[in-house]
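The structure appears right after this line, and notes come after that.
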Amino acid sequence: TVYLAVDEVSGKDVALKEFFMQSGVSVKFLQELSNIIMLDHPNIVRCLDVVYGHENKNYLAYALVGGGSLRGRLLSGNPWPLAEAVRVLRDICKGLDYAHSKQFIHRD
C-alpha cells in the first residue's frame, strides 16, 4: 500500500510505501533494504528513508513523482508510439543496470 504523506522535517510531500516482513526475515534482507537509500540515479525513484516498526508497521519513504504509475499507463489500453515505448524501456534498463552495478537486485 502506498500513501501520500508529508515529511515532518522538510514539509515536502512523499510517497510512503508500507511493506510487510514475515517472521524469520534475514539480516541480509534488512541490510539490502537499508541499502536502497544509497541508490542515486535519474531513472530510479529516490528512497529517502526506511522506517521499521513505526506503530508496528514498516515503510519506505520515496520522493514523490507525479504522472501516475507505469502499471496504470500499461493497463490504460492506449497504445504507445514506438519511440516513446523504446525511450521508457531504455530508461528502465539504465536504472536497472545502475542498481545491478551496485549489487542491488530489484525483487519486485
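The values are calculated or read from the model by the stated rules, or taken from the named source; none is laboratory data. As the structure is a computational prediction, the values presented were derived from the model and not from experiment. FYI the Cβ positions are ideal-geometry reconstructions off the backbone, even for glycines, and counts take in every protein chain you see. What goes into the accessible areas is simple: the full protein's heavy atoms, side chains included, and nothing from ligands, DNA or RNA. Shrake-Rupley method; radii C 1.70, N 1.55, O 1.52, S 1.80 Å.
Consider ALA99 carefully, then state whether it is aliphatic (A, V, I, L, M) and over 21 Å from ILE36 (Cβ atoms).
Here the answer is no, as ALA99 does not meet what is asked.
With among the charged types (D, E, K, R) and either touching a His at 6+ places or on another chain (Cβ under 9 Å) or modelled with pLDDT of 90 or more (or both) as the only criterion, which of GLU18, GLU32, GLU55, GLU84 stands out? First the steps, then the outcome.
Numbers: GLU18 fails: either touching a His at 6+ places or on another chain (Cβ under 9 Å) or modelled with pLDDT of 90 or more (or both); GLU32 fails: either touching a His at 6+ places or on another chain (Cβ under 9 Å) or modelled with pLDDT of 90 or more (or both); GLU55 fails: either touching a His at 6+ places or on another chain (Cβ under 9 Å) or modelled with pLDDT of 90 or more (or both).
Checking each option against the conditions leaves just GLU84.
In the stretch 84-107, what residues are aliphatic (A, V, I, L, M) and within 15 Å of the chain's Cα centre (by Cα)? Outline the logic, then answer.
Of the stretch 84-107, the ones aliphatic (A, V, I, L, M) are 85-86, 88-89, 92, 96, 99, 105.
Of everything in the stretch 84-107, those that are aliphatic (A, V, I, L, M) and within 15 Å of the chain's Cα centre (by Cα) turn out to be ILE92, LEU96, ALA99, ILE105.
Conditions tested, residue by residue: (1) touching a helix residue (DSSP H, G or I) at 6+ places or on another chain (Cβ under 9 Å); (2) open to solvent by less than 90 Å² (accessible area, probe 1.4 Å); (3) over 22 Å from LEU16 (Cα atoms); (4) not in a helix (DSSP H, G or I).
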{"site": "HIS41", "(1), (2), (3), (4)": "yes, yes, no, yes"}
{"site": "VAL50", "(1), (2), (3), (4)": "yes, yes, no, yes"}
{"site": "ARG73", "(1), (2), (3), (4)": "yes, yes, no, no"}
{"site": "ARG90", "(1), (2), (3), (4)": "no, no, yes, no"}
{"site": "LYS94", "(1), (2), (3), (4)": "no, no, yes, no"}
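Looking at (1) within 19 Å of MET38 (Cβ to Cβ); (2) open to solvent by less than 70 Å² (accessible area, probe 1.4 Å); (3) of a type outside the set (Lys, Arg); (4) modelled with pLDDT of 85 or more, find the lone condition where GLY77 falls short.
Here GLY77 clears every test but (1).
State whether one or more residues within the stretch 55-62 are surrounded by fewer than 13 Cβ atoms within 10 Å (Cβ to Cβ) and small (Gly, Ala, Ser). Spell out how you get there, then give the answer.
From the stretch 55-62, those surrounded by fewer than 13 Cβ atoms within 10 Å (Cβ to Cβ) are 55-56; that's our starting set.
Retained after the next criterion (residues that are small (Gly, Ala, Ser)): none.
No: the stretch 55-62 contains no residue that is surrounded by fewer than 13 Cβ atoms within 10 Å (Cβ to Cβ) and small (Gly, Ala, Ser).
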